[in-house]
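Undergrad: Got a structure for you, written out below as structure tokens; questions coming shortly.
The values are calculated or read from the model by the stated rules, or taken from the named source; none is laboratory data. Since the model is a prediction, treat every value here as computed from it, not as a measurement. All Cβ positions, glycine included, derive from the backbone under ideal geometry; neighbour counts span all protein chains shown.
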Amino acid sequence: MSKRTLNDLVDIMAKLRGNPGCPWDKSQNHETLKPFLVEEAYEVIDAINRKNTKDLIEELGDLLLQIVFHSRLGEERGDFDIGDVIEGVCEKMVRRHPHIFGEITVEGTDEVLKNWEDIKREEKDMKTQTQSMMNLPETLPALMKAFKVQEKAARVGFDWDNVNGALDKVYEELDELKEVYNTGISDKIREEMGDLIFACVNVARFLEVEPELALKDAVKKFIRRFNYVEDAATKSDTDLQEMSLHEMDILWEQSKNKEKKL
């Protein structure tokens, strides 16, 4: 039995949007589909993190469905169709890889990324790195956007020589936050907190860590360890709200030690 193709998925979406069609699918538009597009992208990442091939196949399919859905909406309006989407990305990939499809020679990933950025700026008629930074989508998660802004600055030499400079900046920003947090000036506190987080993102960049994913992992770890504390309190017939911070911290350390032994 032969596998279905992209054309089959396009046909399925056309039927869902046609008559009689599916009431839910027919009621959607680009705006209403935005949350689903974001959700499916994160579910793909989650499947990758869990190293679950079966789930990854499913989630990539769900993400592809969103692309086909948006393309169908574009086709119904006479704006574009899935063919235009595929043609556009194929042209872009060829154009931005002159070392593969042209006669340019590169040495390593750094030159590939520099060429990509230069070609992208030329395509969008961006004369400066500042324009390139400002062109980043407003909807990007803040940590991801900070990472990309720092990358762009680094490409023109505005960067520390090594991670030590970035680490020192974290301590500097932390000291500045300490200076203002007792003032009660909320705007200033927010500003210094932002500077501290921005500096931490810079450290992540030097260590080749995606800050968005690192923070997600940290949140999961916190929930896992808090669950241990809560379960331990329940098993000892103790109300968590009546425990002291010191008592909870002892259980927290137990959770950490237990994880280290796994």
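Undergrad: Is it the case, given these coordinates, that Ile67 is surrounded by 13 or more Cβ atoms within 10 Å (Cβ to Cβ) and in contact with a Ser or Thr (Cβ under 6 Å, 6 or more places away or on another chain)? Even if it seems obvious, please write down each step before you answer.
TA: On the way: surrounded by 13 or more Cβ atoms within 10 Å (Cβ to Cβ): yes; in contact with a Ser or Thr (Cβ under 6 Å, 6 or more places away or on another chain): no.
Taking the combined requirement at face value, the residue does not satisfy it.
Yes/no matrix, rows are residues, columns are (1) within 30 Å of Glu212 (Cβ to Cβ); (2) outside the structural domain of Ala218 (by TED's automatic domain parsing); (3) at pLDDT 95 or above:
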{"residue": "Asn19", "(1), (2), (3)": "no, yes, yes"}
{"residue": "Pro23", "(1), (2), (3)": "no, yes, yes"}
{"residue": "Asn29", "(1), (2), (3)": "yes, yes, yes"}
{"residue": "Phe36", "(1), (2), (3)": "yes, yes, yes"}
{"residue": "Leu63", "(1), (2), (3)": "yes, yes, yes"}
{"residue": "Val106", "(1), (2), (3)": "yes, yes, no"}
{"residue": "Val112", "(1), (2), (3)": "yes, yes, no"}
{"residue": "Trp116", "(1), (2), (3)": "yes, yes, no"}
{"residue": "Lys120", "(1), (2), (3)": "yes, yes, no"}
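Undergrad: Could you check the stretch 43-60 and list, in sequence order, the residues that are surrounded by fewer than 12 Cβ atoms within 10 Å (Cβ to Cβ) and either farther than 23 Å from Ala214 by Cβ or within 16 Å of the chain's Cα centre (by Cα) (or both)? Before you say what the answer is, go through the steps one by one.
TA: Pass one, the stretch 43-60, residues surrounded by fewer than 12 Cβ atoms within 10 Å (Cβ to Cβ): 50-51, 53-54, 57.
Scanning the stretch 43-60 gives Thr53, Lys54, Ile57.
This table checks each residue for (1) at positive phi; (2) part of a helix (DSSP H, G or I); (3) in contact with a Cys (Cβ under 6 Å, 6 or more places away or on another chain); (4) among the β-branched types (Val, Ile, Thr).
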| residue | (1), (2), (3), (4) |
| --- | --- |
| Arg190 | no, yes, no, no |
| Gly194 | no, yes, no, no |
| Val201 | no, yes, no, yes |
| Glu208 | yes, no, no, no |
| Glu212 | no, yes, no, no |
| Lys216 | no, yes, no, no |
| Phe222 | no, yes, no, no |
| Phe226 | no, yes, no, no |
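Undergrad: Related question: For the list (1) under 25 Å from Thr139 (Cα atoms); (2) touching a residue at least 60 places away in the same chain (Cβ under 8 Å), I need the number of the one condition that Val44 fails.
TA: (2)
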